[in-house]
1. Taking the Cα centre of the range 17-78 as origin, sum charge times position over the Cβ atoms of Lys and Arg (+1) and Asp and Glu (-1), and report the length of that vector in debye to the nearest 20.
2. Given the rule -39500 (n - 2.57) for each run of at least 4 DSSP H residues, summed and divided by the residues of the chain, what is its mean residue ellipticity at 222 nm, to the nearest 500 deg cm²/dmol?
3. Apply the Kirkwood formula to the range 27-78: the hydrodynamic radius equals the inverse of the mean of 1/r over all pairs of different alpha-carbon atoms; give it in Å with one decimal.
4. For the chain, build the charge dipole from Cβ charges (+1 Lys, Arg; -1 Asp, Glu) around the Cα centre, then report which of Gly118, Ala72, Leu97 sits farthest towards its positive end.
5. Roughly how compact is the chain, stated as its Cα Rg over 2.2 N^0.38 Å to two decimals?
6. Would you calculate the convex hull of the Cα atoms in the range 76-140 and tell me its volume per residue in Å³?
7. Using unit Cβ charges (K, R positive; D, E negative) and no other charged atoms, how large, in debye to the nearest 20, is the dipole of the chain about its Cα centre?
8. How far, in degrees from 0 to 90, does helix 94-104 lean away from the longest principal axis of the Cα atoms of the chain, to the nearest 10?
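Values quoted throughout were computed directly from the atomic coordinates according to the rules given, and no laboratory measurement underlies them. The shown structure was predicted, so the numbers you read here are calculated from the model rather than taken from an experiment. Don't worry about glycine lacking a Cβ; one is built from the backbone with ideal geometry, like all the others, and counts go over all protein chains shown.
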Amino acid sequence: MSIPALAPTEISEGVGRGVDGLRASFENAKPFKHVVIENFFELSFARKLLDEFPEFSPGLAKNEIGAPGGKAVNTQISELGPAYRHLYEILGSPRFLAFASRLSGIPDLLFDPSMYGGGTTDNREGQELDPHVNFNYDES
């Protein structure tokens, strides 16, 4: 079963049609559930995102206890430029949420407008990023 087109000019045409195969890949991946989707974005949109990717900001490179680190996270993606503003709209769209729900098997996914735990990430050379699960609960 396929879902309606995600965003025909930004997300590659076959991604939505192949959601059931992607879900099988996700479910059967080892050592933990994950999926790699080659050419997810149309090349022109991916280039716009790359062109607008923010430069490393030491002010955004703080670890969990506030110490300077080598990982800058920007949660304000809608403010990075037109392509990121459009990406933010795509991620919050009912079509994309239906796609993500179908792919993951998690029903009724909701969009978090604050991007809590999400956004762009720029890791400096030598910065580690271990496999992890992002937040699944927020007290607010």
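1. Dipole magnitude for the range 17-78 comes out near 180 debye.
2. -9500 deg cm²/dmol
3. Roughly 14.1 Å, rounded to one decimal.
4. Highest projection toward the positive end goes to Leu97.
5. So the Cα radius of gyration is 1.13 times the expected 2.2 N^0.38 Å.
6. 130 Å³
7. 300 debye
8. 90 degrees
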